[in-house]
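Notes to accompany the following structure.
Taken together, the values in this text are just the output of simple stated rules run on the coordinates, not laboratory data. The shown structure was predicted, so the numbers you read here are calculated from the model rather than taken from an experiment. Here the Cβ positions follow ideal geometry from the backbone for every residue, glycine too, while neighbour counts run over all protein chains shown.
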Amino acid sequence: MGYLSPIIVLDLVAGSLAIVLVVANKLFAEYEDVTVDVNDGEEEFVVEGGTTLLQAFTQNEIYIPSACGGQGSCGFCTAKVKEGGGPVLPTEEPMLTREELVNDVRLSCQVKVREDMEVEIEEKYLEVEKYDAEVISTEDVTPSIKEILFDLKEPETIDFKAGQYVQVQVPADGDTVDRAYSIASEESVHDKVMLTVQLIEGGLGSTYLHELEEGEKVEFTGPFGDFYVQDTDAKIIGVAGGVGLAPLRSIVFSLLEKGIDREIWLFYGTRTREDLYYHDDLQELADEYENFKYVPALDSSQPEWDGEVGLITEVMDDYLEEGWDMEGYLCGPPPMMEATIDLLTDYGVDEDDILFDDFS
Amino acid sequence: MKYLSILIAAVFAHNIALRYFLGWCPLVSQSKKLSSAWGMGVAVTLVMTITSAINWPVYHYLLVPYGLEYLQYIAFIIVIASTVQVLEMVIERFFPSLYTTMGVFLPLITVNCAILGVSLFMILRDYTLFTGIIYALGSGIGWSVAIISLASIREKLRFADVPKPLQGPGITMLIAGIMAFAFLGFSGMVGIQ
């Protein structure tokens, strides 16, 4: 008895407290169903209170971009909350601009749905759909990059602008997290989607996609993103680093296919010759179309390579000329993009005319 | 009269923060804004009062009869942890803005030494249940007085030209130290027993 009493007493204390907690959880932490109104009645749905607004959207097949998977670190999942939602949380403040704060813009992954709400999201997100797709083929295009082709099953077609991305739902611990990948296929291809994925050591999304085999099912949402070619007459200066070629491949192929007569430049930098993918295809296009100039460059010289060598910005400096009317479309590692933005602004390109796809 | 003097003693002469230097982590970190200092003060006072009201019977009716006084630390901490959990649910439900201002500091009250300290002092000084509750309430108010005055001073300090190395926690510790000196003036005014 003497040995047992401490155990019994402690169990008694802990056990009764556990019961109190269970009761409290039942009483306070469970919410009733609430109604969320999207864009003044365009969509309306009922969710169980207590979830985040982003989860409520996803449950009701409204897909807004969220690259970090609801951790509050990417700042993409903004929505205007007109009614309900409570005060702005300290976790949102760093992600929102002063203007957004004044206009009731919130981070939907942080806002909890506790009462009836009225929210507003960009019209285009209501058009975003969730796709069930099946892997048709996979191919290693470089030692670390895989090209994966998906056949769309439900819905069967996709409309997107070259340069946009999709969010692949990657299984993780019984749940899924979203990972963004640019569409590499052409705009004219509506029933298939091609992604090029670089394997990143320990990366959740890339490991999952690299292990996919023919016939496996994948779910993704899209299309998302503002990284597409503006309708002007300026020369298109595409700059890609490594796997960042994916959206630019789509842009180049789609525009040339449409027979556009704007001048298109593609500067493409990688470390070694093996890392240049679609090199032959792009070379062929450059031979075929007069308005397409393809400039691949390696970081350092290599035997059997007679192309450009050096930093992509140094190479660009040799080709670009002062006074050109240009628009920049950049996708690559952040240091490369920063250097390229500096170079292009030096050439007099307005910062608003430089678009970049940040895949870091 | 006895209860009143214990209450006043707990608030001033034996201020848990400025006399015993307990609960300084939230005192320094949550005193940037007066509004969050108020929230924190209210939360600490609530948790202190509720936990000592639970801890007293747990100690006297469960631990003492079986000679298990040595389990008081574990038992008290479990009680405090679950009280904070329940309180967190209630605040999240009914006071969402308070909940968000307090953020991570509400769950952190669980490991706030001032809360455990009050329960232990209550046992150490052989208080009756009611005296214990009065003492805990007084300590909570005392802690709130400390954090609210500190926050008021810090808000005034926002425009002061504080030397760079002292900015933030540095100057806060100095201010709190001076406040502790000031509170020393209350000692001898009323006893705690």
Exercise for the section: Place a +1 charge on the Cβ of each Lys and Arg in chain B and a -1 charge on the Cβ of each Asp and Glu, then give the dipole magnitude about the Cα centre in debye, rounded to the nearest 20. Expected result: 460
Handout entry: Length-normalised contact order for chain A - Cα pairs under 8 Å, 6+ apart - percent
Key = 12
Practice task
Report the local net charge at A:Leu298: Lys and Arg +1, Asp and Glu -1, summed over other residues whose C-beta lies under 9 Å from its C-beta.
Solution key: -1
Practice task
Tell me which residues come under 5 Å, amide H to amide H, from A:Val309 once H is placed; ignore anything under 5 positions away on its chain.
Solution key: A:Leu298
Practice task
Quick one: grab the alpha carbon gyration tensor of the range B:1-143, order the square roots of its eigenvalues as a ≥ b ≥ c, and give me rounded if a/c is under 1.5, else prolate or oblate depending on whether a/b is larger than b/c.
Solution key: oblate
Exercise for the section: Report, in deg cm²/dmol and to the nearest 500, the calculated mean residue ellipticity at 222 nm for chain B, where each DSSP H run with n ≥ 4 adds -39500 (n - 2.57) and the sum is divided by the residue count. Expected result: -21500 deg cm²/dmol
Practice task
Write out the GluC sites (Glu not before Pro) in the range A:120-218 meeting two conditions: DSSP loop, and at most 15 other Cβ atoms within 10 Å of their Cβ.
Solution key: A:Glu122, A:Glu156, A:Glu201, A:Glu211, A:Glu213, A:Glu214, A:Glu216
Exercise for the section: Compute the length gained on full extension between A:Leu126 and A:Asp33: take 0.36 nm times their separation in residues and subtract their Cα-Cα distance, giving the result in nm to one decimal. Expected result: 31.2 nm
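Quick check for me: using +1 on Lys/Arg Cβ and -1 on Asp/Glu Cβ, what's the dipole size of chain A about its Cα centre, in debye to the nearest 20?
Value, rounded to 20: 1620 debye.
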Fill in the blank from the handout: Going residue by residue through the range B:154-165, the Karplus relation 6.51 cos²θ - 1.76 cosθ + 1.60 with θ = phi - 60° gives ³J(HN,Hα) values, rounded to whole Hz and with x marking Gly or Pro, of 5, 5, 5, 6, 4, 9, 7, 8, 7, x, 3, x
Fill in the blank from the handout: Those cysteines in chain A that have no second cysteine Cβ within a distance under 4.7 Å are A:Cys77, A:Cys109, A:Cys331
Exercise for the section: Assuming R0 = 51 Å, can you tell me the calculated FRET efficiency for the pair B:Leu174 and A:Glu213, based on Cβ-Cβ distance, to the nearest 0.05? Expected result: 0.20
Exercise for the section: Return the ratio Rg/(2.2 N^0.38 Å) for the range A:128-224, where Rg is computed over Cα atoms only. Expected result: 0.99
Problem - Size of charge dipole - the range A:226-360 - debye, nearest 20, with Cβ of Lys, Arg +1 and Asp, Glu -1, no other charges - result: 440
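Kindly identify the range A:309-355 as rounded, prolate or oblate by the Cα gyration tensor criterion: order the square roots of the eigenvalues as a ≥ b ≥ c, call it rounded if a/c is under 1.5, otherwise compare a/b with b/c, prolate if a/b is larger, else oblate.
oblate
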Exercise for the section: Excluding B:Ile147 itself, calculate the net charge of residues whose Cβ lies under 13 Å from the Cβ of B:Ile147, where each Lys or Arg counts +1 and each Asp or Glu counts -1. Expected result: +2
Handout entry: Inter-chain Cβ neighbour average for residues A:6-13, partner chain, 10 Å
Key = 5
Practice task
Could you compute the FRET efficiency for B:Ile74 and B:Tyr3, with r as their C-beta to C-beta distance and R0 at 25 Å, rounded to 0.05?
Solution key: 0.25
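Can you pull the mean other chain C-beta count within 10 Å for peptide A:107-117?
1
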Completion exercise
chymotrypsin sites (Phe, Trp or Tyr not before Pro) in the range B:102-193 lying in a DSSP loop, each with at most 11 other Cβ atoms within 10 Å of its Cβ, come to B:Phe159
Problem - Per-residue ³J(HN,Hα) for the range A:214-227, Karplus 6.51 cos²θ - 1.76 cosθ + 1.60, θ = phi - 60°, Hz, x for Gly and Pro - result: 3, x, 6, 9, 9, 10, 8, 10, x, x, 10, x, 9, 8
Fill in the blank from the handout: In this structure, among A:Lys161/A:Lys293; A:Lys82/A:Lys130; B:Lys33/B:Lys164; A:Lys124/A:Lys192; A:Lys130/A:Lys258; A:Lys82/A:Lys192, pairs with alpha-carbon gaps over 31 Å are A:Lys82/A:Lys192
Handout entry: Alpha-carbon centroid distance for the pair the range A:268-315 / the range B:19-69, whole angstrom
Key = 67
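Taking square-rooted eigenvalues a ≥ b ≥ c of the alpha carbon gyration tensor, is the protein assembly as shown rounded, prolate or oblate, where a/c under 1.5 means rounded and, failing that, a/b exceeding b/c means prolate?
Details: a/c = 2.76, a/b = 2.19, b/c = 1.26.
It comes out prolate by the Cα gyration axes.
Remind me, what semi-axes does the range A:187-269 give for its equivalent ellipsoid, largest first in whole Å, using sqrt of 5 times each Cα gyration tensor eigenvalue?
28, 16, 11
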Handout entry: J(HN,Hα) series, the range B:170-183, from Karplus relation 6.51 cos²θ - 1.76 cosθ + 1.60, nearest Hz, glycine and proline x
Key = x, 5, 5, 4, 4, 4, 4, x, 5, 4, 4, 4, 4, 5
Exercise for the section: Could you state the angle between the C-alpha long axis of helix A:245-258 and the longest principal axis of the C-alpha atoms of chain A, as a value from 0 to 90 degrees rounded to the nearest 10? Expected result: 60
Practice task
Using only alpha carbon pairs under 8 Å that are at least six residues apart, calculate the relative contact order of the range A:1-158 and give it in whole percent.
Solution key: 22
Completion exercise
Counting sequence-distant residues (5 or more places) and residues on other chains, those with an amide H built under 5 Å from that of A:Val239 are A:Phe267, A:Tyr329, A:Leu330, A:Cys331
Practice task
May I ask you to list the chymotrypsin sites (Phe, Trp or Tyr not before Pro) in the range A:1-97 that are in a DSSP loop and have at most 12 other Cβ atoms within 10 Å of their Cβ?
Solution key: A:Tyr3
